[in-house]
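Asks: So that we are looking at the same thing, I have put the structure below in structure tokens.
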Amino acid sequence: MKKIIIFDTTLRDGEQSAGVSLNIHEKLQIAHQLARLGVDVIEAGFPIASQGDFDAVKAVAGEVRGVTVAGLARALEKDIQRAAEALKPAERPRIHVFLATSEIHRQYKLKKAKEEILRQARESVALARSLLPNHPDVEFSPEDASRTEPAFLKEVVEAVIEAGATTVNIPDTVGYAIPEEYASLISYLKKEVKNINKIHLSVHCHNDLGLATANSLAAIGAGAGQVECTVNGIGERAGNASLEEVVMALHTRKDFFGFSTGVNTKEIMHTSRLVSSLTGLRVQRNKAIVGENAFAHSSGVHQDGVIKERTTYEIMKPEDVGLTRTRLPLGKLSGRRAFAEKLKELGYAHLTEKEIAEAFTEFKALGDKKKLIYDEDIEAIVVNTLEEAPPVYRLDSLRIDCGPGTTPLAEVRLRTRDNKILENATIGDGPIDALFKAIDLVTGIPGKLLDYNVRAITSGKDALGEVSVEVDVEGKSYKGRAISLDIIEASARAYLNVINRIVQKTIGTLED
Ligand code: KIV
Ligand code: ZN
């Protein structure tokens, strides 16, 4: 059975989601998990965009094995050189070059004629190819391909194949395509482009009209061999085609498509939760495959049907995406072995002894305050323990004074990486406002709160609380999250999570 190549761009296009900014430590965690998930290509970033992106691509290239690691580059010499440099340690490097080809982009963004675009595309692919002499793996994307005149698109694709591209991607950059139309474009290229069968033809769909998965599947039906997608469908604007939807559609409807993927579907849920936790982007409850309700049958008729015969209302088995049906909670008397077994069951078999020990300490501390510890609590603890890149500011203590008839006051003490104690206090419109203002005073980084959410990780009054915040700092938005039994403490730590990201990351911006 023909295998479809799964190209994951969670760390590049996914990270372009508004407010998402992953540090190198978080990117590595996600990249390792993507390798365990079984994707074929990980697009780890855009090396010229910032020093942080360069370092992350280099780290993923150096550490993650068994997959191709791609780095994005505009069709410019400096971008391509930088991508090649970042990808040097990769086992299987790929340079992904893009250049817009549609009339709108040519006229308004690039101000270039067709001939110039053709020349630039050809030269940049040839340069990329020359920089990977031992691994001839160069992908070219004619950006906004779906709005490009088909005859010109054909010319561009032919030119880059001649120049040495090994994969040509046809992006629906603005999510404008309709499945039948996009499939026709793929069929047209398959039929008309010289040597098209010598390369991998790829698709990359955005979800502006909610059609990214449908378009990707239609394109596969028309002959595309690679799909670009992201975990939970995160990405620029309305996001990208969702990896779990594309993979599970191919898996569930093998009878229709007749294609396989290398993805271990049992790792899907775990990957989805990890990406959601680290990006701060919550998965909507009714999201296909990975939403909380995706396998929940609430009406009596459906429940009755599923009890009599599962397939009456279930087209996929929850176990196939990594949802376990048995959910025995642990408690404070559970030992290290039971805890380690539970970690394995939840998909954390790869943790080192040191990481297990750290998570076990957190688990015991939680066990002192909370009777039953559920799978979701344990996952939250692990993600929280692993994600900690050495923060610049740590919460040492806080005190809040509030209540009817009083002006809310917050006192905050932070500890810096070099063990200095910094403290300040201030009043605010409410306890959270006062708390965040006090942190601003200590760090000297003024943030504007755009969004604030609290959610209980499990049910019950003693549930762990997860606080997610979105904060604007100097016109750029950042997301942060933290968990604690005390939601005021979780709020302070979520806010500090943002501040630490800003201090740790060098931010770069580019124009096309
Ligand atoms: O959407 C798009 O066109 C892209 C390209 C860089 C592939 O993300
Ligand atoms: Zn994209």
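Asks: What part of the accessible area of the chain, given as a whole %, is carbon or sulfur when the probe is 1.4 angstrom?
Replies: That fraction is 51 percent.
Asks: Got a sec? Charge dipole of region 2-279, +1 on Cβ for Lys and Arg, -1 for Asp and Glu; which of ILE117, ALA214, ILE234 is way out at the positive end?
Replies: Working it through, the farthest residue towards the positive pole turns out to be ILE117.
Asks: Using Cα pairs closer than 8 Å and at least 6 residues apart in sequence, work out the relative contact order for region 2-279, in percent.
Replies: 21
Asks: Which loop trypsin sites (Lys or Arg not before Pro) in region 351-416, with loop taken from DSSP, have no more than 15 other Cβ atoms within 10 angstrom of their Cβ?
Replies: Listed in order of number, the matching sites are LYS371.
Asks: Something else about it: How big is region 2-279 by Rg and Dmax over its Cα atoms, in Å?
Replies: Looking at region 2-279, its Cα Rg and Dmax stand at 17.1, 48 Å.
Asks: Would you calculate a helix-derived [θ] at 222 nm for the chain, using -39,500 (n - 2.57) for each DSSP H run of n ≥ 4 and dividing by the full residue count, to the nearest 500?
Replies: About -12500 deg cm²/dmol.
Asks: Then there's this: Counting other Cβ atoms within 10 Å of each Cβ, which trypsin sites (Lys or Arg not before Pro) in region 151-260 have at most 13 and sit in a DSSP loop?
Replies: Filter output for region 151-260: LYS194, ARG237, ARG253.
Asks: Now for a separate question. Thinking of the chain as a set of Cα atoms, what percent of all their pairs are more than 30 Å apart?
Replies: Roughly 52 percent, once rounded to a whole number.
Asks: Turning to a different aspect of this structure: Using modelled backbone amide H atoms (1.01 Å from N, in-plane), which distant-in-sequence or interchain residues come within less than 5 Å of CYS205's amide H?
Replies: Amide H to amide H, under 5 Å and 5 or more residues apart or across chains, CYS205 pairs with ASP172, GLU228, ALA241.
Asks: Also, I was wondering about something else. Would you tally the net charge around ASN419, using a Cβ to Cβ cut-off of less than 11 Å, leaving ASN419 out, and scoring K and R as +1, D and E as -1?
Replies: +2
Asks: Please name whichever of VAL247, ASN195, SER184 sits farthest to the positive end of the charge dipole of the chain, dipole taken about the Cα centre and charges placed at Cβ: Lys and Arg +1, Asp and Glu -1.
Replies: VAL247
Asks: So how far apart, in nm, are the two label points at VAL503 and LYS190 if each is 7 Å from Cα heading toward Cβ?
Replies: Result: 5.5 nm between the two label points.
Asks: Considering only the other residues whose Cβ falls under 10 Å of the Cβ of GLY175, what net charge follows from Lys and Arg at +1 and Asp and Glu at -1?
Replies: -2
Asks: Next question, about the same structure. Could you calculate the FRET efficiency of LYS371 with ARG237 from 1/(1 + (r/R0)^6), where r is the beta carbon distance between them and R0 is 41 Å, rounded to 0.05?
Replies: Once rounded, the FRET efficiency stands at 0.40.
Asks: Still on this structure, please answer the following. Can you bin region 393-506 into rounded, prolate or oblate? Criterion: square roots of the alpha carbon gyration tensor eigenvalues sorted a ≥ b ≥ c, rounded for a/c under 1.5, prolate for a/b above b/c, oblate for the rest.
Replies: Because its axes are fairly even, with a/c under 1.5, region 393-506 counts as rounded.
Asks: If you count the DSSP beta bridges with both ends in the chain, what percent of them are antiparallel, to the nearest 5?
Replies: Of the beta bridges lying entirely in the chain, close to 50 percent run antiparallel.
Asks: Taking 0.36 nm per residue of sequence separation and subtracting the Cα-Cα distance, how much length would be gained by fully extending the chain between ILE307 and ALA463, in nm to one decimal?
Replies: This chain segment gains 53.2 nm when fully extended.
Asks: Quick check on my link table: of LYS111/LYS476; LYS370/LYS479; LYS58/LYS198; LYS154/LYS479; LYS58/LYS437, which ones sit more than 31 Å apart, alpha carbon to alpha carbon?
Replies: Going by Cα-Cα distance, LYS154/LYS479; LYS58/LYS437 fall outside the 31 Å limit.
The values are calculated or read from the model by the stated rules, or taken from the named source; none is laboratory data. These numbers come from a predicted model, not from an experiment. Cβ coordinates were reconstructed from backbone atoms using ideal geometry, including for glycine residues, and neighbour counts include every protein chain displayed. To get the accessible areas, we keep the full protein, side chains included, count just its heavy atoms, and leave off ligands, DNA and RNA. Shrake-Rupley method; radii C 1.70, N 1.55, O 1.52, S 1.80 Å.
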